[in-house]
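FYI, it's all coordinate maths here, none of it is from the lab. Not measured: the values here are computed from a predicted model. Cβ sites come from the backbone with ideal geometry, for glycine too, and all protein chains shown count toward neighbours.
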Amino acid sequence: MASATIEQNSGNHTNSSDAKTGDSTGWKSKLNLPPKDLRVRTSDVTNTKGNEFEDFCLKRELLMGIFEKGWEKPSPIQEASIPIALTGRDVLARAKNGTGKTGAYTIPILEKADPSRDEVQSLVIVPTRELALQTSQICIEISKHLGLKVMVTTGGTNLKDDIMRLYEPVHVIIATPGRILDLMNKNLVKIGKCGMLVLDEADKLLSQDFKGMLDHIIAHLPPDRQILLYSATFPLTVEQFMVGKHVKSMSQLY
C-alpha cells in the first residue's frame, strides 16, 4: 500500500455533482446548524486552498454531520490529508492540536465505514483517556446520520461496561493502547478485518512506553490495512516506524 507524508506546520457514495444537486434542493437549509464560531482563528486554520467539504465527494449523511458540527470549510490539514486517506494510501501528517487534525482522520474513516458490516472497520489509538473521550465525541457527532456505532474504551474504566457494549455491532473504536490490547487478548475484540488504523499523537504512541503494545496490535490487523499517523513532531521513532515493517512503501507530499 502506498503512503504519503504530509507536513502541515500546524494544522452508497455521493459525487460532487450530486452534492451540488442536493444544494439546489435546499438540503442544507434543513440542517440544525450551531451558532457561527466567531473566535479569532490563526493562519494554520485559515490558510486554506479554498476547498469545500463537498469537493471530497463525501456521503450526504456525513456532510450533514460535518455541517451540523459547525465545520464550514476544511482546514489546511484536512485539505491535505482527507483526499489522500480516501484513496487508501498511508498518511503521515504533521499537525498540532487545534488545527482540525481530528476531522482530518475521522472524516475518511467514517466515509469508508459500512454500517451493514458487523465488524470493527477502523481503530483509532490515542495516548490518553482525555484525548480518547474528546475524539470519540467528535466522531459520534459527525457520524450521527450514518447509522454507525462508535465505541470508546480506555484504562481506568469498568471492563464489564466494554464487554456489554461489544455484544452489539461496533464499527469504529477509539482506544488507549493498553485497554484495546487487553480486550484483544481476552478475545473480546477482533480486528482481523479492520482496514484502517489511526495513530493520533504518534510521537507519544511510538515512545518506549507504548511501542511494544502497538506492535502487538498491528500484528492482528489484515496485511492490506491502511495506517494514518498524526504527530506534532517527527522524532526518530516516527521516522523509523514509517520505513519499518509496518509500512509497505512511502511517497512524500509537502
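The modelled label-to-label distance for the pair Leu86/Phe234, using points 7 Å beyond Cα in the direction of Cβ, is 2.5 nm.
Let me check I've understood the local charge: for Gly50, count other residues with C-beta under 10 angstrom from its C-beta, Lys and Arg +1, Asp and Glu -1. What total comes out? Please list the in-between numbers first.
Values: positive: Lys49, Lys73; negative: Glu52, Asp55, Glu79.
Taking every Cβ under 10 Å from that of Gly50, the sum is -1.
Mind sorting His216, His145, His171 by how few other Cβ atoms lie within 10 Å of their own Cβ, fewest first?
Numbers: His216 13, His145 16, His171 24.
Listing His216, His145, His171 from fewest to most nearby Cβ atoms yields His216, His145, His171.
Amide H to amide H distances under 5 Å link Leu228 with Val91, Leu197, Val198, Leu199, where only residues 5 or more positions off or on other chains count and H is placed in the peptide plane. Scanning residues 5 or more positions from Val170 or on other chains, those with amide H under 5 Å from its amide H are Glu119, with H placed 1.01 Å from N in the peptide plane. Taking region 109-242 as the region of interest, the number of lysine pairs whose Cα atoms are within less than 19 Å, with members eight or more places apart or on different chains, is 9. Of the Cα atoms belonging to region 104-221, the radius of gyration and Dmax stand at 13.1, 39 Å.
Here each label is just a point 7 Å from Cα along the line to Cβ, and for Arg39 and His145 those points are 2.5 nm apart.
Fully extending the segment from Asp55 to Arg117 would add 19.6 nm, taking 0.36 nm per residue of separation and subtracting the current Cα-Cα distance.
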